[in-house]
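**Q** My questions will all concern the structure given below.
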Amino acid sequence: MGRVAAFSINGLDLWFNSNDHLPPHFHAEKPGEWEVRVFIRRDGPGMFETCWGKGPSAKMKKELRALTEAHREALETEWAEKVNFTAPGPER
């Protein structure tokens, strides 16, 4: 597991799974409340996929979206450096 270095948000854990799948994404978790996948190349509502819990509030989604868009290039570089995937899947 590699921590996201491009940005941070107080109260959230942000990471890449070291063995994961396409499309490029990272995980964001508010411990004990929710976890989502944040898809780096997507915009709008399709950027988030809830793993468990109710998911982030509209305000938190707005902040995650803005920071992901602002740091997209760095996040893609981190994905390439920190994630090993063996069977590329189709872009979702």
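What follows is calculated from the coordinates using simple rules that are stated; it is not laboratory data. A quick note: this is a predicted structure, and the numbers were derived from the prediction, not measured.
**Q** Averaging sequence separations of C-alpha pairs under 8 Å and six or more residues apart, then dividing by the length of the chain, give the relative contact order as a whole percent.
**A** Averaging sequence separation for qualifying contacts and normalising by length gives 32 percent for the chain.
**Q** What are the ³J(HN,Hα) couplings of the range 36-42, residue after residue, when phi is run through the Karplus curve with 6.51, -1.76, 1.60 and θ = phi - 60°? Round to Hz, x for glycine and proline.
**A** 10, 8, 10, 7, 5, 8, 9
**Q** Helix 72-82 versus the longest principal axis of the chain: what angle, 0 to 90°, nearest 10, using Cα atoms?
**A** Roughly 60 degrees, rounded to the nearest 10.
**Q** Let me ask something else. Could you tell me whether the range 25-86 comes out rounded, prolate or oblate from its Cα gyration tensor? Rule is a ≥ b ≥ c as square roots of the eigenvalues, rounded for a/c under 1.5, then prolate if a/b exceeds b/c, otherwise oblate.
**A** Cα axes put the range 25-86 in the oblate bin.
**Q** Could you check what % of the DSSP bridge pairs in the chain are antiparallel, to the nearest 5?
**A** Expressed as a percentage, antiparallel bridges in the chain total about 95.
**Q** Then there's this: Could you give each residue of the range 60-70 its phi-based ³J(HN,Hα) in whole Hz, using Karplus coefficients 6.51, -1.76, 1.60 with θ = phi - 60°, and x for Gly or Pro?
**A** 5, 4, 4, 5, 4, 4, 4, 5, 5, 5, 5
**Q** Here's another thing I want to ask about it. Between ALA70, ALA58, ALA28, which gets the highest mean-square fluctuation from a Gaussian network model of the chain, Cα cutoff 10 Å?
**A** ALA58
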